[in-house]
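**Q** Structure in structure tokens, see below.
The values are calculated or read from the model by the stated rules, or taken from the named source; none is laboratory data. Since the structure is predicted, the reported quantities are computational estimates derived from the model, not experimental observations. Methodologically, a virtual Cβ is constructed for each residue, glycine included, from the backbone with ideal geometry; neighbour enumeration extends over all protein chains shown.
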Amino acid sequence: MVVVFVLIFLAVLAAFAALHWYVWRRLFRDTTRGPGPVRRAGTVLIVAGPLCMFAALATERAGAPFWLQRVLAWPGFLWLALSLYLLLALLVGELVRPLLMRGRWGDRGRESREGESLDQGSQDRGSQGQGAEGQGAEERRSSDHESTDPESQDPESSDPRSQDRGSQDRAGQDPGSHDPGSEDRQSPDPAPAPTPSPSAPTTSTPTRRLFVSRVVGGAAAAAAVATVGAGTYGVLSGPKVKRVTVPLAKLPRAAHGFRIAVVSDIHLGPILGRGFAEKVVETINSTQPDLIAVVGDLVDGSVKDLGPAAAPLRKLRARHGSFFVTGNHEYFSGAEQWVREVRELGLHPLENARVEIGAFDLAGVNDVQGESEGQGPDFTKALGDRDRSRAAVLLAHQPVVIHDAVRHGVDLQLSGHTHGGQLFPGNLVAGLANPTLAGLEEYGDTQLYVSRGAGAWGPPTRVGAPSDITVVELASRQA
């Protein structure tokens with residue numbers, strides 16, 4: 001088993017190295033004429049980026065000094081996002097590269113320009129020949145004009161006998177002794193066909209290949225930087241509010257319009273700190289919810305390091321209070337300590353527990369990651385003895401427990417965990433691993449709503465999956 005794991009690890013590492021070599025080749029080797037400062041700087045970047053990324057991941061999981069985590073997190077995690085989009089952009093560039101090489105700067109363009117040059121040269125030589133012939137013809141026309149002008153004719157030329165003698169002289173002329181110009185006038189030799197120089201290149205010249213490589217590489221780098229920059233700005237500026245109405249058959253008319261602010265995956269850590277938590281709290285309070293549900297992955301780190309960052313949660317305000325369930329990252333960060341911490345901040349942890357909120361039941365289960373510590377989800381404990389005539393809303397971090405929720409008669413499950421994929425095309429992978437990637441779906445008589453989350457894990461970047469805080473408004477079908 002260990003040997004298989006090592007082989008898989010080595011295969012993944014080799015593929016990772018090969019992809020980075022490809023990025024280096026297209027961005028730095030193919031865009032430079034030879035070794036130099038640009039190529040050396042590119043080599044340093046391609047080597048240092050992955051090293052920072054692995055170091056950031058390792059120090060976070062190992063609980064290294066928090067200052068070291070913060071130093072490595074920004075360059076390491078941003079490189080993860082940037083390298084992804086550099087690779088995707090360069091792969092798209094491979095589709096464009098042949099078109100550019102066969103376009104104006106490629107073989108066809110070169111041949112076209114050479115053909116035009118040869119044609120122009122032939123035309124120039126023809127024009128010169130025509131000019132010389134034209135000049136001779138003009139002189140001959142002038143001479144003929146003079147010879148036909150009665151006033152300028154020699155007296156003897158008007159004598160018929162003189163004309164006869166001239167005819168006889170011309171008739172007796174040696175056929176071989178003819179005017180050289182006359183043959184040129186009658187059948188001019190065509191200009192010799194130009195032959196290409198033996199040194200002329202038969203393929204695209206290095207200059208053209210270099211130009212196309214620079215165009216493609218520059219466009220790919222610009223696209224990747226712009227994508228990561230926009231995605232990072234979207235996260236750091238804070239989540240946006242999303243509103244969803246969910247009708248419940250068992251909800252009484254008195255609870256119609258009950259609003260639950262759902263926030264998940266805040267991921268306070270080395271990058272997203274106290275300032276980000278304050279934005280989240282301010283956004284939630286601005287919606288004036290009746291109840292606040294924090295459905296896991298609040299932090300990436302210990303209470304010692306992130307306690308001050310989480311302190312703004314004390315300011316959360318809702319008529320029926322704020323509730324919390326663990327996510328998988330809490331079990332990487334010390335779940336028991338964080339449960340105690342959020343309780344001190346005024347949130348109510350639901351550890352496989354249930355409370356009555358007016359006309360419906362609110363239940364919460366631990367994350368499935370807790371099974372590694374004997375603290376996994378217990379649906380029987382949370383929902384087993386409840387009155388099924390009442391509507392039930394379940395807080396569970398991961399959508400994968402929806403089938404347990406269906407079996408226990410839950411009307412609505414609120415989850416997070418997926419981040420909506422966070423970084424395209426990560427949504428394709430996340431969609432395969434989860435029953436619902438984001439939004440509202442029905443599973444039998446149970447509805448599942450999955451939030452994309454407020455923060456981000458790893459790179460503080462989202463592409464194609466904007467962060468959100470969702471206000472879920474419960475609607476009574478009786479109303």
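**Q** Could you count how many residues in the stretch 239-260 are over 22 Å from ALA363 (Cβ atoms) and of a type in the set (D, E, K, R)? Give the derivation first.
**A** Initial filter on the stretch 239-260 (over 22 Å from ALA363 (Cβ atoms)): 239-243, 253.
Next, only the ones that are of a type in the set (D, E, K, R) stay: 240, 242-243, 253.
Number of matching residues: 4.
**Q** State whether the residues of the stretch 223-230 include one that is part of a strand (DSSP E or B) and of a type outside the set (S, T, N, Q). Walk me through it before giving the result.
**A** Step one: list which residues in the stretch 223-230 are part of a strand (DSSP E or B), which gives none.
No, there is no match, as no residue in the stretch 223-230 is part of a strand (DSSP E or B) and of a type outside the set (S, T, N, Q).
**Q** Quick one: which residue in GLY455, GLY409 is assigned to a loop (DSSP other than H, G, I, E, B) and out of contact with any strand residue (DSSP E or B) (no Cβ under 7 Å at 6 or more places or on another chain)? Outline the logic, then answer.
**A** Numbers: GLY409 fails: out of contact with any strand residue (DSSP E or B) (no Cβ under 7 Å at 6 or more places or on another chain).
From the options GLY455, GLY409, the qualifying one is GLY455.
**Q** Among the listed residues ALA392, ALA405, which satisfies the condition of being farther than 30 Å from THR461 by Cα, within 40 Å of the chain's Cα centre (by Cα) and small (Gly, Ala, Ser)? Even if it seems obvious, please write down each step before you answer.
**A** Values: ALA392 fails: within 40 Å of the chain's Cα centre (by Cα).
When all the criteria are applied, what remains is ALA405.
**Q** Of the residues LYS250, LYS242, which is in a strand (DSSP E or B) and either assigned by TED's automatic domain parsing to the domain that holds HIS419 or not hydrophobic (A, V, I, L, M, F, W, C) (or both)?
**A** LYS242
**Q** Do any helices (runs of 4 or more DSSP H) lying entirely in the stretch 301-381 carry at least 3 residues that are surrounded by fewer than 19 Cβ atoms within 10 Å (Cβ to Cβ) and assigned by TED's automatic domain parsing to the domain that holds LEU394, and which ones are they? Walk me through it before giving the result.
**A** Working: elements: 303-310, 328-333, 335-344.
Correct list: 303-310, 335-344.
**Q** Residues VAL44, VAL6: which one is at pLDDT 95 or above and either assigned to a helix (DSSP H, G or I) or of a type in the set (Ser, Thr, Tyr) (or both)? It would help to see each step written out before you state the result.
**A** Numbers: VAL6 fails: at pLDDT 95 or above.
After ruling out the rest, the residue left standing is VAL44.
**Q** Quick check, is VAL280 β-branched (Val, Ile, Thr), touching a Leu at 6+ places or on another chain (Cβ under 9 Å) and in the same structural domain as GLY364 (by TED's automatic domain parsing)? Break it down stepwise before answering.
**A** Numbers: β-branched (Val, Ile, Thr): yes; touching a Leu at 6+ places or on another chain (Cβ under 9 Å): yes; in the same structural domain as GLY364 (by TED's automatic domain parsing): yes.
Taking the combined requirement at face value, the residue satisfies it.
**Q** Considering only residues that are β-branched (Val, Ile, Thr) and over 18 Å from ALA309 (Cβ atoms), look in the stretch 30-72 and name the one that is surrounded by the fewest Cβ atoms within 10 Å (Cβ to Cβ). First the steps, then the outcome.
**A** Within the stretch 30-72, the first condition is being β-branched (Val, Ile, Thr), and the residues that meet it are 31-32, 38, 43-44, 46-47, 59, 71.
Remaining after also requiring over 18 Å from ALA309 (Cβ atoms): 31-32, 38, 43-44, 46-47.
Numbers: THR31: 21, THR32: 17, VAL38: 13, THR43: 14, VAL44: 10, ILE46: 20, VAL47: 12.
The selected residue is VAL44.
**Q** Continuing with this model, one more query. Would you call VAL280 touching a residue at least 40 places away in the same chain (Cβ under 8 Å), of a type outside the set (S, T, N, Q) and in a helix (DSSP H, G or I)? Break it down stepwise before answering.
**A** Working: touching a residue at least 40 places away in the same chain (Cβ under 8 Å): yes; of a type outside the set (S, T, N, Q): yes; in a helix (DSSP H, G or I): yes.
Yes.
**Q** Separate question: Checking THR283 against (1) crowded, with 19+ Cβ neighbours inside 10 Å; (2) modelled with pLDDT of 95 or more; (3) of a type in the set (Ser, Thr, Tyr), which single condition isn't satisfied?
**A** (1)
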